[in-house]
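Input: a single structure, listed below in structure tokens.
The values are calculated or read from the model by the stated rules, or taken from the named source; none is laboratory data. Note that the structure is predicted; figures quoted are calculated from it, not measured. Note: ideal-geometry Cβ built from the backbone for every residue, glycine included; neighbour counts use all protein chains shown. Just the protein is used for accessible areas: all its heavy atoms, side chains included, with ligands, DNA and RNA removed. Shrake-Rupley method; radii C 1.70, N 1.55, O 1.52, S 1.80 Å.
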Amino acid sequence: MPYPENKDFNTVMEKVGLCFQKGLPFCIYRKPKEEQITAVFQADDRLHPVVDFTESGFVFAPFRLEDGAVLLKPDQIYLCKHTSSVHAKAEEVLVTEAGKQAHLDLVQKGIQEIAVGRLGKVVLSRKLEKETEKPITEIFDKLLQSYPNAFCYLFFHPKVGTWCGATPETLVQIQNKTMRTMSLAATLPFVQGETPNWGQKELEEQQMVSDYIKERLTPSMETLDVAAAKSVRAGNLWHLRSEIKGVLSQESSVKEIISLLHPTPAVCGIPTQAARTFILENEGYQRTYYTGFLGELNLNAKAEVSLFVNLRCMELQGSTASIFVGGGITQASDPEREWIETQNKSRTMLNIL
């Protein structure tokens, strides 16, 4: 394992730009509420699969884990602090109504599956595209400034693609057999000076997610504690979140815990397998790495991970940015309100562009 080198932010971003030009894999990221930025660079363009999650490096995993998680080998690690650039304040972006009827129909179909008892909850999403001329380094710089409470990242591998995002959701953190995760559900727009007024639909959705995660994890844990739900702000949105922590049993492995948690009810649904099947058969596009996960895998110590769900993200291909947005559907869902929720979520990434 290489010893991390301290650099200034501009030097690290120059290296990022050079690697991008040469087609060499990297990921640069900052954890929520932290100042330190970490950049992991791989010396060649080989594609390394994750086999059993005992590997060391930076992992980038898809929604369908069987499609294969990618490992960036940590051949060089740079650490730096973000030097804030001055950006003109972005005007509130106008969101298009394109794709509305298809999404309303999809949500209605999900509600029908729930009504007949095949699903308890399903998370349905859509993809929208926007042209951008912004350099990737500038996009990442703006993510860092705009979302200090999120996991902000820029990932590149020539055989995978270019992705960036600012996700509010932890998949799992494990250190010395102590595990932390979260139950995240429900969305309301942030309004200055107002506290969120959660309805019964949002409260029930959050409780459903907490109960499901507890049920899944309990057999693999010595102790497990689920805290009461609290309102948390992520950019221009509110969510309900419960902190979950516990101690792994001696027999439990990192791979086992990841397989129990991914995909979470916040990005897939309940029960997981039925919701996943419905998504793959009905969404009409391939999520690939959207709603997958990413982060440090045994990078600092053995059996130590810090992984985040790939939400509020986009894939960059040439001058086209693909943005992904979704929402949790329950029996109390209204298709029109679900459409509005995805419109609100789309602004997170559209404002960056």
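Table for the structure above
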read-out	value
Single condition Val305 does not satisfy, out of (1) touching a helix residue (DSSP H, G or I) at 6+ places or on another chain (Cβ under 7 Å); (2) open to solvent by 20 Å² or more (accessible area, probe 1.4 Å); (3) in contact (Cβ under 8 Å) with a residue 24 or more places away in the chain	(2)
Tally of residues being at pLDDT below 95 and either in a loop (DSSP other than H, G, I, E, B) or touching an Asp or Glu at 6+ places or on another chain (Cβ under 6 Å) (or both) across segment 1-29	6
Failed condition for Asn310, given (1) closer than 13 Å to Val123 by Cα; (2) open to solvent by less than 10 Å² (accessible area, probe 1.4 Å)	(1)
Residue list for segment 314-333, restricted to those being open to solvent by 10 Å² or more (accessible area, probe 1.4 Å) and aliphatic (A, V, I, L, M)	Leu316, Ala332
Meets criteria (farther than 27 Å from Val51 by Cβ, touching a Lys or Arg at 6+ places or on another chain (Cβ under 7 Å) and in a loop (DSSP other than H, G, I, E, B)) for Ile352	yes
So Phe9, is it aromatic (Phe, Trp, Tyr) and under 23 Å from the mean Cα position of the chain (by Cα)	no
Inter-residue pairs, beta-carbon under 8 Å, first farther than 30 Å from Asn10 by Cβ and in segment 36-57, second small (Gly, Ala, Ser) and in a strand (DSSP E or B), 6+ apart	Val50/Ala61
Pro32, sole failed condition from (1) assigned to a helix (DSSP H, G or I); (2) at pLDDT below 95; (3) open to solvent by less than 70 Å² (accessible area, probe 1.4 Å)	(1)
Leading residue by the ranking (nearest to Leu154 (Cα to Cα)) among those in segment 55-86 that are modelled with pLDDT of 95 or more and of a type in the set (Ser, Thr, Tyr)	Tyr78
Per-region count, segment 291-302, residues in contact with a Leu (Cβ under 9 Å, 6 or more places away or on another chain) and either open to solvent by 10 Å² or more (accessible area, probe 1.4 Å) or small (Gly, Ala, Ser) (or both)	3
Number of the condition not met by Asn197 [criteria: (1) closer than 21 Å to Thr342 by Cβ; (2) modelled with pLDDT under 95; (3) in contact with a helix residue (DSSP H, G or I) (Cβ under 7 Å, 6 or more places away or on another chain)]	(3)
